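A.B. asks: Questions regarding the structure given below will be posed in turn.
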Amino acid sequence: MDSLTTLTIAEARDLLAKREVGARELTEAHIAAVEAARPLNAFITETPEKALEMAAASDDRRARGGEGDLGVMEGIPIAVKDLFCTEDILTTAGSHILDGFHPPYESTVSANLWRAGAVLLGKTNLDEFAMGSSNMTSYYGNVENPWREREGDNRPLVPGGSSGGSAAAVAARAAMGATGTDTGGSIRQPAAFSGIVGMKPTYGRCSRWGVVAFASSLDQAGPLTRSVRDAAIMLRAMAGHDGKDSTSVDCPVPDYEAALTGDVRGLRIGVPEQYRVDDMPGEIEALWSQGIDWLKAAGAEPVEISLPHTKYALPTYYIVAPAEASSNLARYDGVRYGLRVPGGELDEMYEATRGEGFGAEVKRRVLIGTYVLSAGYYDAYYNKARRVRSLIAKDFTDVFETVDAILTPTAPSAAFAIGEKMDDPIAMYLNDVFTVPASLAGLPAISVPAGLSAEGLPLGLHVIGKAFDEEMVLRVAGVLETAAGFTEEPGFIAGRETGS
Ligand code: GLN
């Protein structure tokens, strides 16, 4: 059974097509893997019955023969971040305030995946309302990274965040792929910490309809997978125009897999000087140089570029994102959704519900957001941040006149221990230093596992592309993936295989 869980989506797809394996068999193996992965706390809700039903339906479609009816994710068991609304299935956003919320509708992205034949294994844990970089702010408890062997240090590690449950599930071979959302790095950073691939497409590529909102001008859905090819397959199924999301873009979804030509000859790869941040560990710098060398060896040309407003990206993000969050989260008042804590008067009920329903990080963001949007500070903070955001985006537009893609590290460190950095929000926010600029500019970007730290933990390289040029991002990522040849597995799996 274990061998079925080590397959990539592409390999499983081929075996399913040759009738060498059935969706049911594949799904059963993954249901067992989800159970075995319970110590990681990667799932908030497991949906084994639903999975078996969907797998049986997929096998039926295939048996009826019409290959034309088969989708690109036909029979593939996946996990869904618990920020995507799933019809009649508990959807929590990692928050106490959504207690018992069973949406009467399905998010467009998950509906697209089911239409493409995918099978739902369950809903994955996440930082509360996707606010965090460590999966330590979930009401449903911390998620553990399946990687845990550090020299001389046995403390469990974070999987990154906020899509930490999705990353841990995929890295632990408990799901073949998972959906994530990325507002400032929440797909890419957990992918880097967990040794897998994570892709944030261009803002507008995937519909946000039915995804619990954090910061609407930044939120974007994307896949977490174990290979670049799998990211291409899964993104194709997730993406597309949706009349229900006015920011979703009406342009055709290409066959992303066809972009994986392995050929980067003649491409110009930008290396931004501003990403050499203070106190960057030597091994991150070394990994970055290695990435540049790999692309050079494959025939690409590295080009030093300048993105001068990068240094303002973090402060800009931590004004814009909380501002939007404070307004999005105003709807949780105990009247329409989830938790209600009784109080004497109506406003006391609001207060009691929000006081109990939101965790500390969410409250911090609501306070910051309300402050920067308040009459006296709006111009000084929110409006200024919006203007700086345009300058950051313009930096990218300028450099993309001369380069095809940009290469940086994904995160400034490898995974850290659970509990670390929790008393220092600024240290936590620094995790996003390399991912946030592309988010503010709405650009597609991917993290590819590229090597191990001195302590034996995965590190990722990050490729950023032009708007709607996911194909270029995937093409460059594919070449990095081949050059890196990253095949190491997390200790959690080795433990499972030996039964320890
Ligand atoms: N870590 C960032 C934050 O806490 C990004 C989160 C995300 O992308 N959802 O806001």
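A.B. asks: Got at least one residue in segment 429-445 being on the phi > 0 side of the Ramachandran plot, over 16 Å from the mean Cα position of the chain (by Cα) and away from the ligand (no atom under 12 Å from the Cβ)?
C.D. replies: Step one: filter segment 429-445 for residues on the phi > 0 side of the Ramachandran plot, giving 442.
Restricting the remaining residues to those that are over 16 Å from the mean Cα position of the chain (by Cα) gives none.
The answer is no; no qualifying residue exists.
A.B. asks: Give me the residue from segment 191-220 that is part of a strand (DSSP E or B) and touching a Pro at 6+ places or on another chain (Cβ under 8 Å) and, out of that set, farthest from the ligand (Cβ to nearest atom). Steps first, answer last, please.
C.D. replies: To start, the set of residues in segment 191-220 that are part of a strand (DSSP E or B) comprises 197-200, 211, 220.
Then keep just the ones that are touching a Pro at 6+ places or on another chain (Cβ under 8 Å); that gives 197-200, 220.
Working: VAL197: 17, GLY198: 11, MET199: 13, LYS200: 8, GLN220: 9 Å.
Among them, the one singled out is VAL197.
A.B. asks: Are any residues in segment 313-336 surrounded by fewer than 20 Cβ atoms within 10 Å (Cβ to Cβ) and more than 16 Å from the ligand (Cβ to nearest atom), and if so, which ones?
C.D. replies: Residues satisfying the conditions are ALA330, ARG331, ASP333, VAL335, ARG336.
A.B. asks: Which of the residues belonging to segment 97-134 are away from the ligand (no atom under 16 Å from the Cβ) and within 20 Å of ILE31 (Cβ to Cβ)?
C.D. replies: Those that are away from the ligand (no atom under 16 Å from the Cβ) and within 20 Å of ILE31 (Cβ to Cβ): SER110, LEU113, TRP114, GLY117, ALA118, VAL119, LEU120, LEU121, GLY122, LYS123.
A.B. asks: Sticking with this structure for a sec: Within segment 404-427, can one find any residue that is farther than 30 Å from LEU4 by Cα, at pLDDT 95 or above and open to solvent by 10 Å² or more (accessible area, probe 1.4 Å)?
C.D. replies: Within segment 404-427 (the criterion being farther than 30 Å from LEU4 by Cα, at pLDDT 95 or above and open to solvent by 10 Å² or more (accessible area, probe 1.4 Å)), the answer is yes, since at least one residue qualifies.
A.B. asks: Here's a follow-up. Among GLU46, GLU11, which is the only one that is within 21 Å of the chain's Cα centre (by Cα), among the charged types (D, E, K, R) and open to solvent by 40 Å² or more (accessible area, probe 1.4 Å)?
C.D. replies: Numbers: GLU11 fails: within 21 Å of the chain's Cα centre (by Cα).
From the options GLU46, GLU11, the qualifying one is GLU46.
A.B. asks: With respect to the numbered conditions (1) free of Cβ contacts under 8 Å to residues at least 24 places away in the same chain; (2) exposed (fewer than 15 other Cβ atoms within 10 Å of the Cβ), which one is the sole condition not fulfilled by GLU351?
C.D. replies: The failed condition is (2).
A.B. asks: Is it the case that some residue within segment 292-301 is within 16 Å of the ligand (Cβ to nearest atom), assigned to a helix (DSSP H, G or I), open to solvent by 30 Å² or more (accessible area, probe 1.4 Å) and at pLDDT 95 or above?
C.D. replies: Of segment 292-301, the ones within 16 Å of the ligand (Cβ to nearest atom) are none.
The answer is no, given that none of the residues of segment 292-301 is within 16 Å of the ligand (Cβ to nearest atom), assigned to a helix (DSSP H, G or I), open to solvent by 30 Å² or more (accessible area, probe 1.4 Å) and at pLDDT 95 or above.
A.B. asks: Kindly list the number of the only condition in (1) touching a residue at least 60 places away in the same chain (Cβ under 8 Å); (2) more than 13 Å from PRO322 (Cβ to Cβ); (3) open to solvent by 30 Å² or more (accessible area, probe 1.4 Å); (4) more than 16 Å from the ligand (Cβ to nearest atom) that fails for ALA360.
C.D. replies: The single condition ALA360 does not satisfy is (4).
A.B. asks: Give the residues of segment 162-181 that are within 8 Å of the chain's Cα centre (by Cα) and not in a helix (DSSP H, G or I), sorted by residue number.
C.D. replies: Of everything in segment 162-181, those that are within 8 Å of the chain's Cα centre (by Cα) and not in a helix (DSSP H, G or I) turn out to be SER162, SER163, THR179, GLY180, THR181.
A.B. asks: Just the residues that are in contact with a strand residue (DSSP E or B) (Cβ under 6 Å, 6 or more places away or on another chain) and within 14 Å of the ligand (Cβ to nearest atom), please, taken from segment 388-414.
C.D. replies: Of everything in segment 388-414, just one residue is in contact with a strand residue (DSSP E or B) (Cβ under 6 Å, 6 or more places away or on another chain) and within 14 Å of the ligand (Cβ to nearest atom), namely THR410.
A.B. asks: While we're on this one: Which ones in segment 159-190 are within 12 Å of the ligand (Cβ to nearest atom) and not hydroxyl-bearing (Ser, Thr, Tyr)?
C.D. replies: Selection gives GLY160, GLY161, GLY164, GLY180, ASP182, GLY184, GLY185, ILE187, ARG188, GLN189, PRO190.
A.B. asks: To continue, here is another question. Give the number of residues within segment 133-176 that are among the small types (Gly, Ala, Ser) and open to solvent by 30 Å² or more (accessible area, probe 1.4 Å).
C.D. replies: To start, the set of residues in segment 133-176 that are among the small types (Gly, Ala, Ser) comprises 133-134, 138, 141, 152, 160-169, 171-172, 174-175.
Filter once more, keeping what is open to solvent by 30 Å² or more (accessible area, probe 1.4 Å): 152.
The total comes to 1.
A.B. asks: Which condition does ILE89 not pass, out of (1) buried (at least 24 other Cβ atoms within 10 Å of the Cβ); (2) in contact with a Ser or Thr (Cβ under 7 Å, 6 or more places away or on another chain), if it passes all the others?
C.D. replies: (1)
A.B. asks: From the list PRO272, PRO281, pick out the single residue that is over 20 Å from LEU474 (Cβ atoms) and either of a type in the set (Phe, Trp, Tyr) or open to solvent by less than 20 Å² (accessible area, probe 1.4 Å) (or both). Show your work before the answer.
C.D. replies: On the way: PRO281 fails: either of a type in the set (Phe, Trp, Tyr) or open to solvent by less than 20 Å² (accessible area, probe 1.4 Å) (or both).
Of the residues listed, the single one that is over 20 Å from LEU474 (Cβ atoms) and either of a type in the set (Phe, Trp, Tyr) or open to solvent by less than 20 Å² (accessible area, probe 1.4 Å) (or both) is PRO272.
A.B. asks: Which residue is most open to solvent (accessible area, probe 1.4 Å), if the candidates are limited to segment 213-226 and must be under 29 Å from LEU26 (Cβ atoms) and touching a helix residue (DSSP H, G or I) at 6+ places or on another chain (Cβ under 7 Å)? Lay out the reasoning, then the answer.
C.D. replies: Quick first cut of segment 213-226, residues under 29 Å from LEU26 (Cβ atoms) only: 220-226.
Checking which are touching a helix residue (DSSP H, G or I) at 6+ places or on another chain (Cβ under 7 Å) leaves us with 221-226.
Working: ALA221: 5, GLY222: 0, PRO223: 0, LEU224: 0, THR225: 0, ARG226: 40 Å².
Looking at residues that are under 29 Å from LEU26 (Cβ atoms) and touching a helix residue (DSSP H, G or I) at 6+ places or on another chain (Cβ under 7 Å), I get ARG226.
The values are calculated or read from the model by the stated rules, or taken from the named source; none is laboratory data. Since we're looking at a predicted model, the values are computed, not measured. Glycine also receives a Cβ, built like all others from the backbone with ideal geometry; neighbour counts cover every protein chain displayed. For the accessible areas, the whole protein counts, side chains as well, though only heavy atoms, and no ligand, DNA or RNA atoms are used. Shrake-Rupley method; radii C 1.70, N 1.55, O 1.52, S 1.80 Å.
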